[in-house]
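Accompanying notes for the structure given below.
The values are calculated or read from the model by the stated rules, or taken from the named source; none is laboratory data. No experiment lies behind these values; they were computed from the predicted model shown. Virtual Cβ from ideal backbone geometry, glycine too; neighbours counted across all protein chains shown. The area values use the complete protein model at the heavy-atom level, side chains included, leaving out ligands, DNA and RNA. Shrake-Rupley method; radii C 1.70, N 1.55, O 1.52, S 1.80 Å.
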Amino acid sequence: MTARTTTTTSPAPANAAGASYTRVEGRDKVTGAARYAGEIPYADLAHGWLVLSTIARGRIISVESEPVREMPGVLAVLHHGNAPRVDSDYVGMLGKPDPIVEVFQHDRVPFVGWPVALVVAETSEQAREAAEALVVRYEEETHDVAFSSAHPGTYMPDGDGMLMEKGDLEAELAASTHVVDHEYTTPEEHHGSMEPHAAMARWDSGRLEIVDSNQGSGWVADELAKLFSLDPDSVRVRSEHVGGAFGSKGVRVHQILAVMAATQLDRPVRVVITRRQLFSLTGYRSPTAQRVRLGADADGRLRALDHQAHSLTSTVHEFVETSAGFGRPMYASDAHRSVNRVVRLDVPTPTFMRAPGEAPGSFALESALDELAEKCGVDPIALRARNEPDVGPVSGLPFASRNLLAAYREGARRFGWADRDPRPGVRREGRWLLGTGTASATFPVIVAPSTAAVTAEADGTFTVRVNAADVGTGARTALTLIAAEALEVPRERVHVRIGDSDFGPAAISGGSMGTRSWGWAVRAAVTELREQLALGGDIPPQGITVRSDTSAAVGALTQKERHSFGAQFAEVGVDVATGEVRVRRMLGIFAAGKIVNPLTARSQFVGGMTWGLSMALHEEAHRDQATGGHVGADFAGYHFAANADVPVIEADWVEDTDADDPVGIKGIGEIGIVGAAAAIANAVWHATGVRHRNLPIRPDRVLNAGGALDA
Ligand code: MOS
């Protein structure tokens, strides 16, 4: 159709989704014009500084706030003895809230780093000085922070997806020619976004306004309204720019405490969580211990796949890192069992962290498959092809699209896999042992109902309002391209506004569902707007606005196995003198549906793969058994990959379409990390002849393991 408002003469505007575009807010970000929640100035702003518990379990006896109240600039000391009561007995979007929302509601301390007080002062420095001077007395109880799969408190949670079984597992294992049976472990890992959590709260004409850094402003607004028993319409949360989130930025203590303090003092209050405080306040990835048993015929055909994953949670909330779910859509086998178990310890509650479940789960299962390939004498890619399922291996449902093998074909060609000598520990270049490895990736395709509004403005531009969150992914740019393509106008004429709960319900930026969900709503609104514009007539000064709601369309999706897939490749060098592993190159080829903006999509994949490298070689949080707290909980002590550790990482994709899917966008935020650590661990085996089943693959572990290093 030709919209009357469309003045372009080009039949195919050069803004089609699929071409590469820099971020629409890129200039604002690099010039500092883009403001983040922790740095926006407000008249009369007061500053809150958190005080965290120093014991791992017990009770608060006293918060000795009197001396602190006399310190310069101090306005208030909030704690469990004087804070307003909240109603935490609600069910939010993701179920019961993490009880960290019950901040200052009782005197119990469930872990080191639990919030025990908030000092509010005229300046951030004054608040910090007073917070550091505040004396809190505790009655301490013995604690248990020692995680292992053998912990007697381990149990299988209720709830969907904890256990899936098919066939007679033990019989198939007994009938197998080759069996692999090992435990793989991953340590406690942290998200640590570049921008720490921050929120400003103030009352404005009877409305509560919160300027925050989050993954879903509607989500945060809804939970705050429930928590403080407020009319949902009286709470507005905005989050325009977000410097990373990765699963950590939902409802957290900073928003709640900012609201409490702003209400009590009747002035704007901002609470910023410090880098060190993030380690106990904003979630993390549980350590895992995963037993994988694979049984196969002589040629590598799987008879049995058993994945038993263990993780930890806190004593106050049940969060499960569902690592055992990774294999469910992956490989055909006569018998299947995947089970997630958890143990409650005196530690902070873990949470979603980039590819929750799939990231550690893929390390275990994709390492075990490499071990099976070795035992069977089958090439690792051929082994995966041999076990390719026709339908969901556990569900029996058809796949919406499944292009894992296409990703392997393209990856193998570009990586040069055909030239690989399968023998381990035989390539050496000076002091470096060399090896290559591969592993599969997958992540589910998720969608949530969303609303969007598109306005045809009188000046010929279009304004899109959708409560999306751009956590650094490029979502704002992707939505601009999606809208421009649907409108058939140059992208410069489209202005996308996001990050405002007043824009109406929309998916969060999580589970890789954002662009798929919001893009669907934007396209639906554009379709209807174009029908209205086709009728002709003038556009009034306020423009013509059409709203969409995808609830019905999303609900009508047929039940299928919907996943992205990928093939990860890595080449490593292992220093025979120091045991250091250096990744020399990585290649990831993904089958992840329609790619909206190749430039930022590549960044998403490469970012995930970089994190996988970091997970394989560097990251682990150390918890001290005696105190129950972290050792080195900062960016000096928590070691992660820096520029010098990261070689050229290439990511690309293969065609992956699903004719039945109304949007075709699958989501790409998480799959890049999946399988990356296994590909590196498999490459380390190929280099050294030794399996590393415990991450990270530190130099001391490599040296102690020996293998070709001692040859
Ligand atoms: Mo992601 S871990 O679902 O934010």
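Couple of notes before you dig in:
- Inter-residue pairs, beta-carbon under 6 Å, first farther than 19 Å from Arg137 by Cβ and in the stretch 60-84, second of a type in the set (Val, Ile, Thr) and part of a strand (DSSP E or B), 6+ apart: Leu75/Val120; Ala76/Val120
- Listed by position, the strands (runs of 3 or more DSSP E) enclosed by the stretch 280-361 that each have at least 3 residues that are open to solvent by 10 Å² or more (accessible area, probe 1.4 Å) are 302-314, 335-345.
- Within this structure, Leu487 passes the test of being more than 28 Å from Val237 (Cβ to Cβ), more than 16 Å from the ligand (Cβ to nearest atom) and either in contact with a Ser or Thr (Cβ under 8 Å, 6 or more places away or on another chain) or open to solvent by 30 Å² or more (accessible area, probe 1.4 Å) (or both).
- Qualifying residue in the stretch 253-275 (condition: open to solvent by less than 10 Å² (accessible area, probe 1.4 Å) and within 16 Å of the ligand (Cβ to nearest atom)): no
- Listed by position, the strands (runs of 3 or more DSSP E) enclosed by the stretch 29-124 that each have at least 1 residues that are among the aromatic types (Phe, Trp, Tyr) and in contact with a strand residue (DSSP E or B) (Cβ under 9 Å, 6 or more places away or on another chain) are 46-52.
- Selection within the stretch 639-678 - of a type in the set (Val, Ile, Thr) and farther than 23 Å from Val596 by Cβ: Val646, Val648
- Across the stretch 515-529, the number of residues qualifying as of a type in the set (D, E, K, R) and either out of contact with any strand residue (DSSP E or B) (no Cβ under 9 Å at 6 or more places or on another chain) or surrounded by 24 or more Cβ atoms within 10 Å (Cβ to Cβ) (or both) comes to 1.
- Long-range neighbours under 6 Å by Cβ, at least six apart or interchain, first residue farther than 21 Å from Phe443 by Cβ within the stretch 326-344, second modelled with pLDDT under 95 and not β-branched (Val, Ile, Thr): none
- Total residues in the stretch 465-477 satisfying the condition of being more than 16 Å from the ligand (Cβ to nearest atom) and either touching a Pro at 6+ places or on another chain (Cβ under 6 Å) or farther than 16 Å from Ser217 by Cβ (or both): the figure is 1.
- Among the residues making up the stretch 179-229, those that are away from the ligand (no atom under 16 Å from the Cβ), at pLDDT 95 or above and of a type in the set (Ser, Thr, Tyr) are Tyr184, Thr185, Ser229.
- Across the stretch 65-107, the qualifying residues are those that are charged (D, E, K, R) and surrounded by 16 or more Cβ atoms within 10 Å (Cβ to Cβ), and the one among them that is nearest to Gln255 (Cα to Cα) is Glu102.
- Picking from residues in the stretch 120-146 that are touching an Asp or Glu at 6+ places or on another chain (Cβ under 9 Å) and open to solvent by less than 50 Å² (accessible area, probe 1.4 Å), the one that is nearest to Ala633 (Cα to Cα) is Val145.
- Enumeration of residues in the stretch 64-95 that are among the aliphatic types (A, V, I, L, M) and more than 22 Å from Thr315 (Cβ to Cβ): Val68, Met71, Val74, Leu75, Ala76, Val77, Leu78, Met93
- For the stretch 361-400, a residue qualifies if it is over 21 Å from Ala304 (Cβ atoms) and touching a Lys or Arg at 6+ places or on another chain (Cβ under 7 Å), and the qualifying residues are Leu397, Pro398, Phe399, Ala400.
- Residue list for the stretch 362-379, filter: of a type in the set (Phe, Trp, Tyr) and in a loop (DSSP other than H, G, I, E, B): none
- Note on the stretch 586-606: residues that are touching a helix residue (DSSP H, G or I) at 6+ places or on another chain (Cβ under 8 Å) and open to solvent by 30 Å² or more (accessible area, probe 1.4 Å) amount to 1.
- Per this entry, Ala150 is counted among residues that are open to solvent by 40 Å² or more (accessible area, probe 1.4 Å) and either in contact with a Phe, Trp or Tyr (Cβ under 8 Å, 6 or more places away or on another chain) or without any contact (Cβ under 8 Å) to a residue 12 or more places away in the chain (or both).
- Lone qualifier among Asp634, Asp624 - being surrounded by fewer than 19 Cβ atoms within 10 Å (Cβ to Cβ) and at pLDDT 95 or above: Asp624
- Test: residue in the stretch 660-671 that is in a helix (DSSP H, G or I) and not aliphatic (A, V, I, L, M): no
- Single unsatisfied condition, Arg285 versus (1) under 30 Å from Gly628 (Cα atoms); (2) away from the ligand (no atom under 14 Å from the Cβ): (2)
- Residue within the stretch 501-514 that is more than 29 Å from Gln215 (Cα to Cα), in contact with a strand residue (DSSP E or B) (Cβ under 6 Å, 6 or more places away or on another chain) and touching a residue at least 12 places away in the same chain (Cβ under 8 Å) present: no
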